[in-house]
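Please read the structure below before turning to the comments.
The values are calculated or read from the model by the stated rules, or taken from the named source; none is laboratory data. All values derive from a computational prediction rather than experimental measurement. Glycine gets a Cβ as well: all are built from the backbone with ideal geometry, and neighbour counts include every protein chain shown.
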Amino acid sequence: MNTTALLSILSVLLLGEVADAAIFRDRGTTLTIECPPTGKVFCGTPTTPDFTGEATATSNCPGQVVITYTDAPALPGANCLARRFNNVILRTWTATDACGNTASCTQTIDVVRQDWSLDIKPTSCPNPIQVGSNGGNAAVMIALLGKATQNVLDVDPASVAIWREDCLAGPVYPVSYGYEDVAAPWQRDVRCGCTTQGPDGFVDLRLRFERAQLVQGLGLANLPQGSTHRLVLTARTFSGCELVASDCVRIQ
Ligand SMILES: [Ca+2]
């Protein structure tokens, strides 16, 4: 395989884009179309081309080139709420020129859930969870953290659930909640990093989970002692936007 073909395949795999297409007709005219780059859209933002980009076409046939598109939905994560992707739109752009040439390409538009910060056992680092029966009927505190651009008062507490990463297990629901500034978001530069930093001036949604429900509902007792696992909290804002927030626990 030559380098050009390999790069072409890589661009399809990495960018989710289909390379420019061109169709030659009589009179020696050529039409080419170029798709906009992969779009990324958060809840609340329209998925129209004004926001995700327009295809461009070039033709050496005199006259107008008409560009249209059709959308097809694709769901990479099926119905797993704990995934970052809400859905994916495959947008097929088609150009037609006055000589009857057509060309098309496909643009990928990722519709993603909001990404918030979670702190399991605020001010504790790391976050051990006792999975044995000697842990008693203890509670595990988990805080959805507020910051300047994310106000926890906008989140519907009734929508909160927690899962293992990729919906491997769950959901488990909190038994109670309250509002209190308990922790600050940590810099997520390493997987399963954490902080002991306390209040930061932004109120947090403080959730109380029953330890036994977490252990049973998330299948934690079967996991190796000392291993770390990411838990993902899912919720919805009162305006209808879905969000995810994650932190890790260590099996004790
Ligand atoms: Ca806070």
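The figures follow:
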{"read-out": "Subset of the stretch 169-202 [surrounded by 18 or more Cβ atoms within 10 Å (Cβ to Cβ) and β-branched (Val, Ile, Thr)]", "value": "Val172, Val182"}
{"read-out": "Filter result for Ile89 (farther than 30 Å from Pro185 by Cα, in a strand (DSSP E or B) and at pLDDT below 95)", "value": "yes"}
{"read-out": "Looking only at the stretch 168-201, and only at residues there that are within 16 Å of the ligand (Cβ to nearest atom) and hydroxyl-bearing (Ser, Thr, Tyr), the one that is nearest to Ser117 (Cα to Cα)", "value": "Thr195"}
{"read-out": "Residue satisfying condition, being more than 27 Å from Val215 (Cβ to Cβ) and part of a loop (DSSP other than H, G, I, E, B), within set Ala169, Ala184", "value": "Ala184"}
{"read-out": "Of the criteria (1) at positive phi; (2) buried (at least 17 other Cβ atoms within 10 Å of the Cβ); (3) away from the ligand (no atom under 16 Å from the Cβ), which one Thr106 fails", "value": "(1)"}
{"read-out": "Members of the stretch 124-167 that are more than 16 Å from the ligand (Cβ to nearest atom), surrounded by 14 or more Cβ atoms within 10 Å (Cβ to Cβ) and under 19 Å from the mean Cα position of the chain (by Cα)", "value": "Ser159, Val160, Ala161, Ile162, Trp163, Arg164, Glu165, Cys167"}
{"read-out": "Restricting the stretch 169-221 to residues that are over 19 Å from Asn151 (Cβ atoms) and among the basic types (Lys, Arg), the residue that is modelled with the lowest pLDDT", "value": "Arg188"}
{"read-out": "Residue in the stretch 202-220 that is part of a loop (DSSP other than H, G, I, E, B), away from the ligand (no atom under 16 Å from the Cβ) and aliphatic (A, V, I, L, M) present", "value": "yes"}
{"read-out": "Matching residues, the stretch 33-61, being among the hydrophobic types (A, V, I, L, M, F, W, C) and not in a strand (DSSP E or B)", "value": "Cys35, Cys43, Phe51, Ala55, Cys61"}
{"read-out": "Boolean, Ser117 is at pLDDT 90 or above and within 16 Å of the ligand (Cβ to nearest atom)", "value": "yes"}
